[in-house]
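Trainee: Provided herewith is a single structure, encoded as structure tokens, for subsequent inquiry.
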Amino acid sequence: MKRPRRVMLIAGALVAIALLTTLATMATASSTAKPPIKVGVEMPNTGPLAVIGINEKNGIVLAARQINAKGGINGRKIALEILDDQSSPTNAVTNTTKLIADGSVAILGPNAGPLVAPSSAVAVRNNVLQFVGSASDVTGTTAGPLTFFWPPHLGIWSRAMACYMKATLHAKTVAGINSTDPAGLQTGKQFKTWAEKFGMQVVDSEAVDLTATDTSVQWTKIRQAHPDAVANMITGALAGTATKTARTLGVDAPMIGYQANAQPAVWKLGGTASEGAVISTTFSGTDPTAGQKTFARTFLKNYGTTPDTYNAFGYDWMNVLAYALKRIPNPTAKSGPAIAKILESKKIVGAMQTYRFGKYSSVNPQNSATHTAVGKNDVVFMTVKDGEFYHSAKQPTC
Amino acid sequence: MTPILAVSTVTLEQLAVSGLVIGCIYALAGLGFNAIFNATGIINFAQGDFLVLGGFFFYAGSATFHLPLIPAVLFSLVIVSAIGAFVQLAIVRPGRGSGHIGRGASLIGVSLLVTAVTADVWGVNPLPVREFTPGKPYFLGEVVITRQQVWIVGVTLVVVIALQLFFQRTTAGIAMRAASLNPDAARGVGVSVQRMALFAFILAAALGSIGGILITPLTSVSYNTGFALTIKGFTAAILGGLGSMYGAVVGGVTLGLIESLSAAYITSGYQQAVPMAVLILVFLLRPGGILGTSVSRV
Amino acid sequence: MLIVINACVTLGLTLLFGFAGQISLAQAAFMGVGAFAPAILAIKHGLSPWWGLPVGIVIATVVAVLIGAPVLRLEGLYLAMATTALNIVMVVVAEQLTAITGGPFGLAGLHPLSLFGWDLLNVSHFYYVVLFAFLLLYLLAHRLVHSPIGGMLAALRHDPRAAALAGVPVPVLKVKVFAISAAFSAVGGFFLAEYLLLASPEQYSIVQSLYFLLMVVVGGTRSLPGAVIGAAFVTVVPQLLPDLPREQQILFAASYLVIVVFVPDGLGGVISSIWKRVRASFAEPSSTAERSAGG
């Protein structure tokens, strides 16, 4: 019959026109859409260091998503390439090499001591900008003019703990307990120095291996020394369980923690024993400042938990990088020096705080006054209440 | 400054307590390890992971499902024992021809799998578990003993006595001992060596889960502590004398005391090396362990 | 690249564990010796890192002989534990001697190698050098296995007491193989350190030793080509799904289990049996023809 065939012809023509139009739109769209900006993320997402890696990664991802939702950086979306080094330094190197080969404009991470040195060596060799998170003294030779450190040098935290003890608690005698990992050992040593500088006497100093299951021995010795305050410099989960042991054994002195154990999850492990402990850190998800509220709310909505300091760091890594990238006409992998210049010259307002990086010092690349995100005035003291962090009533400065 | 002697006397007693307590956990790990080794000659590289699983399922029972103490303990015990049975049936038994060490290699895989799965299911943050009976600790003079610590020592004692009765008085226990001492003779009497192997795994898993349940209130449970605990289990078993039940207990407590001592007197990272150095010494001087089981040397 | 480096170590362990039947969980520690040798020599003493290769091999061999002599008299689990303890102690000591080894972070910033003007920072150039070294090692291993010593190793593996009675110098042989595998590991360590330009104690921990054991098991305990296959498997599979890190770990553990349980001769064993069948079918075409003709 003729009618159905004609209908079919018309239908076919319409479909063809629709197809062609779509194709044309797509073609023009892709030619005008700008290529994404590649940002490499190198973190431990599995293995013993995953606790920090996953948390920071989540912060980075959230920030990138938000930036892209608002149109990206000067119209270009951020494309994250996230690699997991499985807590192994070998993989940190191969991952960093791959991220650079894939054209990353900058590398975010890694963020734990043994992973930082090898990874930063690669980035420095290739002249690519990198944010690393290593609080302990990493071999200075692997940092370069394009390496930026967050969080700050351990000296800042030990100073803060000693300051709180002196200025707020008016302590005369103090004791410290630290874990035997590099961060713990260094902080323990520096705490002693700062305590004495502030005129307090260190009556006992204990060490505990992170694989230990019982800290009674150390706390017994501390109790016998009768300190006015105790610095808890145990890294990670053990800090919380050790607090419980401490209180059970009769160590009543106020307990001060720091960034390496500054997660509410850690102190929750101590249960009621953790109440009243004071932690020197930079951020609390349950008690955010006005500027931090939006971040806390968005994070809670996206991940179902209140953010902690590591989430906040990751979030701000991305935001600070984006701030710099926006001010560069055409960011590429070679934009490192331009980004560095912006970071060094401006005060950048992030979700957590305002960042002031100093100028690079080739004499002491890891000097805490240069290329470090957080300075001694950015430390905030939080008190543990109901297992969460709240800004302490007294915020001393020394 | 208090006189050194006074300080060290009190500390020594506290040292003994904490060493004993953690030693009990190591003893449980060592016992479980021995059970499998005696019945099958296999090195159980996943023993520590039974402890970890015990802790995780206890957490699930008490914190997630809000079960009271005893049901939560039973919940964990039953599930982990079932996992032990599953491991033997699905993974160890089918493995052909690889010999004892080869089967041990498959258990390495189990350990990896447990680590990966627990990290996936429960996440990477450490999880708290409340004590069995919260309350004030006991004081023996200057020495403090927490309630959980009492539980640990008490339950371990009960378990050891129960094991002793099991191996001496019950048919199953006697059969297991027979199968491990002389498999051919046992087979001749009608004992199924295969089934004994299965029982051994279930027993090891059960012992491991008890250890995990006991220690978790003190240390929280986390996905990657399995391997370290496995090594402690081996060490306990060897220190005391491999294959001997009392040896595992003696070895476990000794290991605990060694760790306590190093914690008190060594303030650097060398702490970790001390138990291993002691182990090497034992190998060189008295490989049969403290109780001196016979060791073949070629 | 990493596959070849790991394969050097795996080869050594295959000789020791697969052929001689002596389990060792200290391979990573010996690898570490080979890695720190060039690092310390170059960074602390200003020598060319190439010196690290012979020095590392020598130190590893000496340590292996000194420790091996007493320890190798033990068997099975005892030997496993003794080597585990050895590895742990060596790593802890390396982490504590900060002045020498750079402490737990190790020594970064190694000097890259150059060979007759060939800059080895270039990855493909480096690859050829490592490949060459590996092939040398492989030849050595192959020669060893197919020499009379190979027969002695087999006897040792099956029944050390019977072997001793048959005149095999069992203790000496054990130490020799232990030392050879330590030397192989040191070579691997040297190249790893020079590839990453880093030597850190963390990389040579007991966990890494365990991974080498996995490589041998996957590849097939008595298969030299299996050493490469096993090394490839364990190096590559955990990196297959970069977007799903946790699933990736599960995948690795599960696939490893499948191989260990269902393929007891390892992947190398599978390939060699296929190879044998292929050769057999080529060798006797007439007989197969008759059979098929006969129906």
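The values are calculated or read from the model by the stated rules, or taken from the named source; none is laboratory data. Fair warning: this is a prediction, and the values are worked out from it, not measured in the lab. Glycine gets a Cβ as well: all are built from the backbone with ideal geometry, and neighbour counts include every protein chain shown.
Trainee: Which one is farthest from the other protein chains (Cβ to nearest Cβ), of the residues in the range B:237-286 that are more than 23 Å from B:GLN14 (Cα to Cα) and not in a helix (DSSP H, G or I)?
Mentor: Checking each candidate, the answer is B:SER244.
Trainee: Would a scan of the range B:178-194 turn up a residue that is surrounded by 18 or more Cβ atoms within 10 Å (Cβ to Cβ) and modelled with pLDDT of 85 or more?
Mentor: Checking the range B:178-194: not a single residue is surrounded by 18 or more Cβ atoms within 10 Å (Cβ to Cβ) and modelled with pLDDT of 85 or more.
Trainee: Let me ask something else about it. Filter the range A:209-267 for residues that are closer than 24 Å to A:VAL51 by Cα, in a loop (DSSP other than H, G, I, E, B) and either within 27 Å of the chain's Cα centre (by Cα) or without any contact (Cβ under 8 Å) to a residue 24 or more places away in the chain (or both) and give the result.
Mentor: Scanning the range A:209-267 gives A:ASP209, A:LEU210, A:THR211, A:ALA212, A:THR213, A:ILE234, A:THR235, A:GLY236, A:ALA237, A:TYR258, A:ALA262, A:GLN263.
Trainee: Does the range A:53-83 hold any residues that are within 14 Å of chain C (Cβ to nearest Cβ), of a type in the set (A, V, I, L, M, F, W, C) and under 28 Å from A:GLY236 (Cβ atoms), and which are they?
Mentor: A:ILE54, A:VAL61, A:LEU80, A:ILE82, A:LEU83
Trainee: Here are some residues: B:VAL159, B:VAL114. Which one is farther than 30 Å from C:ARG222 by Cβ and touching a residue at least 60 places away in the same chain (Cβ under 8 Å)?
Mentor: On the way: B:VAL114 fails: farther than 30 Å from C:ARG222 by Cβ.
Matching residue, one of B:VAL159, B:VAL114: B:VAL159.
Trainee: Hey, another quick one. If I filter the range B:46-95 down to residues being of a type in the set (Phe, Trp, Tyr) and not in a loop (DSSP other than H, G, I, E, B), which single residue comes out as surrounded by the most Cβ atoms within 10 Å (Cβ to Cβ)? Break it down into steps so the answer makes sense when it comes.
Mentor: From the range B:46-95, those of a type in the set (Phe, Trp, Tyr) are B:50, B:56-59, B:65, B:75, B:86; that's our starting set.
If we keep only those that are not in a loop (DSSP other than H, G, I, E, B) as well, we get B:50, B:56-59, B:75, B:86.
Working: B:PHE50: 36, B:PHE56: 26, B:PHE57: 24, B:PHE58: 28, B:TYR59: 24, B:PHE75: 18, B:PHE86: 14.
Residue satisfying both the conditions and the ranking: B:PHE50.
Trainee: So is C:PHE212 in contact (Cβ under 8 Å) with a residue 12 or more places away in the chain, of a type outside the set (A, V, I, L, M), within 14 Å of chain A (Cβ to nearest Cβ) and not in a loop (DSSP other than H, G, I, E, B) or not?
Mentor: Spelling it out, C:PHE212 is indeed in contact (Cβ under 8 Å) with a residue 12 or more places away in the chain, of a type outside the set (A, V, I, L, M), within 14 Å of chain A (Cβ to nearest Cβ) and not in a loop (DSSP other than H, G, I, E, B).
Trainee: Pairs needed: first member in the range C:218-240, polar (S, T, N, Q); second member anywhere, buried (at least 24 other Cβ atoms within 10 Å of the Cβ); C-beta distance under 7 Å; at least 6 residues apart or different chains.
Mentor: C:THR221/C:THR14; C:THR221/C:PHE17; C:THR221/C:GLY18; C:THR221/C:GLY266; C:SER223/C:GLY266; C:SER223/C:GLY268; C:THR235/C:ASN6
Trainee: Give the residues of the range C:77-96 that are among the small types (Gly, Ala, Ser) and within 7 Å of chain B (Cβ to nearest Cβ), sorted by residue number. Walk me through it before giving the result.
Mentor: Quick first cut of the range C:77-96, residues among the small types (Gly, Ala, Ser) only: C:80, C:82, C:85, C:94.
If the condition is that a residue be among the small types (Gly, Ala, Ser) and within 7 Å of chain B (Cβ to nearest Cβ), then C:ALA80, C:ALA82, C:ALA85 are the ones that fit.
Trainee: Say whether the condition of being touching a helix residue (DSSP H, G or I) at 6+ places or on another chain (Cβ under 7 Å), over 18 Å from C:PHE184 (Cβ atoms) and within 13 Å of chain B (Cβ to nearest Cβ) is met by at least one residue in the range C:49-69.
Mentor: Yes: the range C:49-69 contains one or more residues that are touching a helix residue (DSSP H, G or I) at 6+ places or on another chain (Cβ under 7 Å), over 18 Å from C:PHE184 (Cβ atoms) and within 13 Å of chain B (Cβ to nearest Cβ).
Trainee: To continue, here is another question. Among residues belonging to the range C:70-125 that are among the aromatic types (Phe, Trp, Tyr) and surrounded by 20 or more Cβ atoms within 10 Å (Cβ to Cβ), point out the one that is modelled with the lowest pLDDT. Can you show your working first?
Mentor: Step one: list which residues in the range C:70-125 are among the aromatic types (Phe, Trp, Tyr), which gives C:78, C:105, C:116, C:118.
Adding the requirement that they be surrounded by 20 or more Cβ atoms within 10 Å (Cβ to Cβ) leaves C:78, C:105.
On the way: C:TYR78: 79, C:PHE105: 67.
Result: C:PHE105.
Trainee: Does C:GLN239 satisfy the criteria of being crowded, with 23+ Cβ neighbours inside 10 Å and either more than 7 Å from every other protein chain (Cβ to nearest Cβ) or modelled with pLDDT under 85 (or both)? Steps first, please.
Mentor: Details: crowded, with 23+ Cβ neighbours inside 10 Å: no; either more than 7 Å from every other protein chain (Cβ to nearest Cβ) or modelled with pLDDT under 85 (or both): yes.
No: the conditions fail for C:GLN239.
Trainee: Follow-up question, since we're still on this one. How many residues are surrounded by fewer than 21 Cβ atoms within 10 Å (Cβ to Cβ), closer than 21 Å to C:GLY21 by Cα and within 8 Å of another protein chain (Cβ to nearest Cβ) if we restrict to the range C:242-263?
Mentor: 1
Trainee: Continuing with the same structure: All but one of (1) under 30 Å from C:GLN203 (Cβ atoms); (2) modelled with pLDDT under 85; (3) not polar (S, T, N, Q) hold for A:GLY12, so report the exception by its number.
Mentor: Only one criterion is unmet by A:GLY12, namely (1).
Trainee: Provide a single number: the residues in the range A:140-182 that are crowded, with 24+ Cβ neighbours inside 10 Å, closer than 27 Å to B:ILE266 by Cβ and small (Gly, Ala, Ser).
Mentor: Within the range A:140-182, residues that are crowded, with 24+ Cβ neighbours inside 10 Å, closer than 27 Å to B:ILE266 by Cβ and small (Gly, Ala, Ser) number 5.
Trainee: Shifting gears a bit: Got at least one residue in the range C:185-204 being without any contact (Cβ under 8 Å) to a residue 40 or more places away in the chain, small (Gly, Ala, Ser) and either more than 26 Å from C:ASN87 (Cα to Cα) or buried (at least 17 other Cβ atoms within 10 Å of the Cβ) (or both)?
Mentor: Within the range C:185-204 (the criterion being without any contact (Cβ under 8 Å) to a residue 40 or more places away in the chain, small (Gly, Ala, Ser) and either more than 26 Å from C:ASN87 (Cα to Cα) or buried (at least 17 other Cβ atoms within 10 Å of the Cβ) (or both)), the answer is no, since none of the residues qualifies.
Trainee: A further question follows. Taking C:VAL234 and the conditions (1) more than 10 Å from chain B (Cβ to nearest Cβ); (2) farther than 28 Å from A:VAL41 by Cα, which numbered condition does it fall short on, given that it satisfies the others?
Mentor: (2)
Trainee: Output the number of the condition that A:ASP252 fails; it satisfies all remaining conditions of (1) within 14 Å of chain B (Cβ to nearest Cβ); (2) touching a strand residue (DSSP E or B) at 6+ places or on another chain (Cβ under 6 Å); (3) acidic (Asp, Glu).
Mentor: All conditions are met except number (2).
Trainee: Turning to a different aspect of this structure: With the requirement that a residue be within 14 Å of chain B (Cβ to nearest Cβ) and outside any loop (DSSP other than H, G, I, E, B), what does the range A:158-186 give you? Let's see the steps before the verdict.
Mentor: From the range A:158-186, those within 14 Å of chain B (Cβ to nearest Cβ) are A:173, A:175-186; that's our starting set.
Once the filter is applied, which keeps residues that are within 14 Å of chain B (Cβ to nearest Cβ) and outside any loop (DSSP other than H, G, I, E, B), the range A:158-186 yields A:THR173, A:ALA175, A:GLY176, A:ILE177, A:ASN178, A:SER179, A:PRO182, A:ALA183, A:GLY184, A:LEU185, A:GLN186.
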